[in-house]
1. Along each of the three principal axes of the Cα atoms of the range 145-269, give the extent in whole Å, ordering the values from largest to smallest.
2. If one puts a single equal scatterer on every Cα of the range 384-450 and applies the Debye formula without solvent, what log₁₀ I(q)/I(0) results at q = 0.24 Å⁻¹?
3. Across all directions of projection, what mean area in square nanometres is found for the Cα convex hull of the chain?
4. Suppose a student asked you for the relative contact order of the range 1-140, using Cα pairs under 8 Å spaced at least 6 residues apart; what percent would you report?
5. Sort Arg63, Arg407 by accessible area with a 1.4 Å probe, largest first.
6. Can you give the accessible area per residue of the chain, in Å², using a 1.4 Å probe?
7. Please say if the range 1-119 is rounded, prolate or oblate, where rounded means a/c under 1.5 for a ≥ b ≥ c the square roots of the C-alpha gyration tensor eigenvalues, and otherwise the choice is prolate for a/b larger than b/c and oblate otherwise?
8. Can you tell me, using C-alpha contacts under 8 Å and at least 6 residues apart, the relative contact order of the range 273-335 as a whole percent?
Amino acid sequence: MSGTPTEAEIQTQWRNAIGIIESFRNYVDGTLAGAGNKWDVLLQSLEGDYAPNDLSQFVSGFRSTCNNLLTPGAAAAVVTPVLYEYARILSAASTGSFGGGYRNAAEIFVALYEYFHANTLTVKSRAITYDTTATAGGANIGNGAMARLTVDQNNYNMEACHVEKKIYRCRSDANSGTDKWAEVFEVLGQAAAFDSILRASYGSGEAARTTVVSRHAGSGAGGSLLSNSSWSEYSATASPKFQGWTESAGGASVSQDLTTYYRTHPGASVHGSLKIASGGGTVTLKQPLTSMRVRRLDPTTPYFLRIMVNATAGSASGGNIVLRLGSKSITTSIASLSAGWNEIVLSTGQNCWFRQFNEEPMDVEIEWASSSSGYLLVDDAIFAPWDLIDGTYWCLRQNAASPTAWRVDDTLEFTDTGGAPATGKIQWWLWVSGYGYLPSSGSPTFTDPT
């Protein structure tokens with residue numbers, strides 16, 4: 001065949017090709033491989049002088065041949081040609097066009113994602129149910145939490161991941177090689193398949209095995225990108241009073257509390273918190289990007305921002321506390337706060353992404369507006385990139401009202417479900433091929449093969 005295919009024709013080619021490899025995978029995984037299926041039945045029946053050796057080799061060779069047709073390389077060989085066909089559509093598109101200067105298939109795929117988003121196109125979702133609430137180990141000493149981000153900057157589910165149980169286990173604490181509040185956790189998924197057969201029944205194995213550091217307000221590993229994140233550097237006679245923070249309004253109402261604070265941090269010499277007294281109108285503290293520990297943010301990275309606040313200690317009442325990152329904010333009424341320390345998190349969704357909150361000038365702001373009486377304490381600000389592990393993002397930190405540091409062998413478990421290959425066929429094979437994922441939905445515009 002020759003000629004220039006239309007977008008509908010390219011999608012038909014793509015659909016038909018995926019239909020073949022998915023049908024083959026379904027037959028191999030569901031009929032030939034696994035306990036009780038044809039290969040197993042044959043091997044269990046072998047006896048005699050000739051059959052055990054020769055037919056065992058037959059099954060081994062047969063499996064090897066099938067495996068070669070289901071590897072990531074084989075999947076990429078199916079997907080890559082249609083990406084190059086799609087590149088011509090992208091070049092001519094009036095919406096979401098990226099021109100034609102692509103150097104490789106990976107660049108085409110990035111442009112294809114943007115094109116799908118710009119034109120409200122989707123593939124069928126893998127329908128993964130993400131576990132976002134940890135099951136803490138029964139013998140845990142530490143009482144922090146793990147946040148999880150499962151959507152990208154355009155609010156699509158990040159479906160290029162394994163569906164499995166992941167266990168986070170503390171491997172290093174204050175008594176075994178790291179600082180208190182900067183404990184190191186190892187993440188382990190389920191065992192991986194030894195080849196590409198029955199991939200969906202196995203986990204990430206060594207591919208996702210890594211370590212994360214519990215986040216804190218200090219510097220170094222696990223530290224906040226903000227300067228003076230725990231308000232320990234203070235001078236009552238300076239302007240501004242807190243190093244790194246600008247008091248854009250209500251500066252007379254701002255001071256340091258050395259008695260009540262959320263926690264210390266690695267390397268701290270002064271333990272204190274930010275104290276905001278009522279009666280000064282709207283009080284705002286601001287830290288611009290130029291005062292942070294970094295001068296540039298990564299446009300492809302999501303960032304986690306939180307503060308701990310306490311209205312009880314100073315009987316604070318009235319108004320709202322507003323936490324801002326660039327153009328995004330979250331407003332929390334003082335009346336809604338529980339007794340003691342409360343965590344306020346900007347977002348664990350789309351607004352975490354640089355492209356959502358980016359503005360000029362870039363800064364972090366903390367504001368108490370319309371106060372009535374008392375004073376409010378703020379401490380332990382954390383602004384840090386999320387940790388990418390197996391296709392989704394994670395942030396480990398302390399957020400309990402009375403924090404207790406992690407100890408070695410403390411665990412947190414997450415178990416995802418769904419995501420079977422046949423649920424979102426095109427999306428599944430994009431992940432296997434190593435390209436990633438496209439915008440998806442339950443009612444796609446680019447349908448799966450039947």
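1. Result for the range 145-269: principal-axis Cα extents of 69, 42, 20 Å.
2. Here log10 of I(q) over I(0) equals -1.21.
3. Details: hull surface 110.1 nm².
Here the figure is 27.5 nm², rounded to one decimal.
4. Working: 73 pairs, mean separation 26.6, N = 140.
Once normalised by length, the contact order is 19 percent.
5. Working: Arg63 55, Arg407 115 Å².
Result, largest first: Arg407, Arg63.
6. Numbers: 19360 Å² over 450 residues.
Heavy-atom accessible area per residue stands at 43 Å².
7. Values: a/c = 3.75, a/b = 3.50, b/c = 1.07.
Note, shape of the range 1-119 comes out prolate.
8. Values: 32 pairs, mean separation 12.8, N = 63.
Result for the range 273-335 is 20 percent.
The values are calculated or read from the model by the stated rules, or taken from the named source; none is laboratory data. What you are looking at is a predicted structure, and each value in this text was computed from that prediction instead of being measured. As a convention, Cβ positions derive from the backbone with ideal geometry for all residues, glycine included, and neighbour counts pool all protein chains shown. When the accessible area is computed, the model is the full protein with side chains, heavy atoms only, and any ligands, DNA or RNA have been set aside. Shrake-Rupley method; radii C 1.70, N 1.55, O 1.52, S 1.80 Å.
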